[in-house]
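First up is the structure itself, then whatever we jot down about it.
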């Protein structure tokens, strides 16, 4: 496979995943509203009161900023780390709710339908696979390839 294909795939994944997070954050703010998102967060029974309010008012904006930076390639390592951190936090919250058998709505896109835990598990697996590909592609490009040679040495 030519060297450019992994980079093109990584760019496509970065744009798709970044756009998805911008969309999801925007729906929470401008669609269902942040008051609804406070309730969604409290339904996970991990935080309540002021902690839920702070999380509900910050998380969508973090999703939007991280998604935009990820999509546009701004602060690549930092935006990758932010996206990874968001996915880990969401995985923990959903996994915790699943383990406790909570019948709640996800809150991810502002809807009210009950969460499908298996579908969320698949979604998270895809996020992790995309993040791994992007990290691998960026590492490979930065090191000049698998042997660690710079492009000038090749």
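Just so it is clear, none of the values below were taken in a lab; they were calculated from the coordinates. Please read these numbers as outputs of a predicted model, since none were measured by experiment. Positions of Cβ are generated from backbone atoms using ideal geometry, with glycine treated the same way; all protein chains shown enter the neighbour counts.
Per residue of the chain, the DSSP helices (runs of n ≥ 4 H) give a summed -39500 (n - 2.57) that works out to -24000 deg cm²/dmol at 222 nm.
With each label modelled as a point 7 angstrom along the Cα→C-beta vector, the residue 76-residue 133 pair spans 1.7 nm. What do you get for the angle between helix 4-26 and the principal long axis of the chain? Use alpha-carbon atoms, 0 to 90 degrees, nearest ten. The helix 4-26 is inclined about 20 degrees to the chain. Using the Cβ-Cβ distance between residue 88 and residue 23 with R0 set to 35 Å, the FRET efficiency from 1/(1 + (r/R0)^6) comes to roughly 0.95. With coordinates expressed along the principal axes, the C-alpha atoms belonging to region 1-64 extend over 53, 23, 15 Å, beginning with the largest. Restricting the calculation to Cα atoms, every distinct pair contributes to the Kirkwood radius of the chain, found to be 16.7 Å. How far, in degrees from 0 to 90, does helix 50-72 lean away from the longest principal axis of the Cα atoms of the chain, to the nearest 10? The angle comes out at about 30 degrees. With axes computed from alpha carbons, what is the tilt in degrees of helix 76-99 against the longest principal axis of the chain, rounded to the nearest 10 within 0 to 90? Approximately 40 degrees, to the nearest ten.
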